[in-house]
Amino acid sequence: NALVHTKSKEMNAGLPVGSRYLLPELCKMVASDPKMKHLTSKEKVAYISALDEHCAKKLVGIWSNNLAAACDVVATTDRIVKELDDLRVWSGIYATLFVVLGHIHNMVQSVMHGTDNSEDFWEDVYEHPMADFLRQYEQWACTQNQSKSFTFLYTSSFNTLQILMNGTLWKRYRNRYIR
């Protein structure tokens, strides 16, 4: 693996994503390269440590990206909840908000919010608490094998279905979705 990593760094440096060499091609290059066959123990250790360092950087990068994404989700959800509560005060809408992420390893806890007493709707009509629907929705999202976040929002007084996907707010207007 260390030799393939080294060859990949050498051959793919500066190439755009679509034109980089693939793993099978890199393996053939390593097998046919005479310099890779006769390595000293110091060179082997250097290649292995370079691969270990690369892996460590990737782990930290993924962690920081997931942490940043989790902070974005929390901040955006808080802003949406505030907007819904303000709309309830100003226009009298009822809204229910579920926020779940589509992968079991995501760092954000699922969130539900209901304006005024709209949380009672779930118990009164379906005879189950809103948290049961959130849990089922979360399980459904995790079984879809997609990692994109999906937020569903229904405001009944305006008969408006709004979907927030990947940062875009879509509204249903006259049987079509608009931005």
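The values are calculated or read from the model by the stated rules, or taken from the named source; none is laboratory data. As the structure is a computational prediction, the values presented were derived from the model and not from experiment. Note: ideal-geometry Cβ built from the backbone for every residue, glycine included; neighbour counts use all protein chains shown. Heads up: the accessible areas ignore ligands, DNA and RNA and are worked out on the full protein's heavy atoms, side chains in. Shrake-Rupley method; radii C 1.70, N 1.55, O 1.52, S 1.80 Å.
What spacing in nm lies between the two simple spin-label points modelled at Ala69 and Leu15, each 7 Å away from Cα in the Cβ direction?
Between Ala69 and Leu15, the label points sit 2.7 nm apart.
How much length is gained on full extension from Lys44 to Ser32, taking 0.36 nm per residue of separation minus their Cα-Cα distance?
Answer, rounded to one decimal: 2.6 nm.
Please work out the Cα center distance from region 1-26 to region 66-89, rounded to the nearest Å.
Using only Cα atoms to place each centre, the spacing works out to 41 Å.
Could you work out how far apart the two model spin labels at Gln144 and Lys58 are, taking each label as a point 7 Å from the Cα in the direction of the beta carbon, and quote it in nm?
So the label points at Gln144 and Lys58 sit 2.8 nm apart.
Need one number: nm distance between label points at Arg79 and Asp132, each 7 Å from Cα along Cα→Cβ, rounded to one decimal.
Placing both labels 7 Å along Cα→Cβ, they lie 3.5 nm apart.
Through the Karplus equation 6.51 cos²θ - 1.76 cosθ + 1.60, θ set to phi - 60°, convert the phi angles of region 78-93 into ³J(HN,Hα) values in whole Hz; use x for Gly and Pro.
Result, ordered by residue: 4, 5, 5, 4, 4, 4, 5, 5, 5, 4, 4, 5, 7, 10, x, 6 Hz.
Could you please state how large a percent of the accessible area of region 1-41 is carbon and sulfur, counting protein chains only and using a 1.4 Å probe?
Whole-percent figure for carbon plus sulfur exposure: 61.
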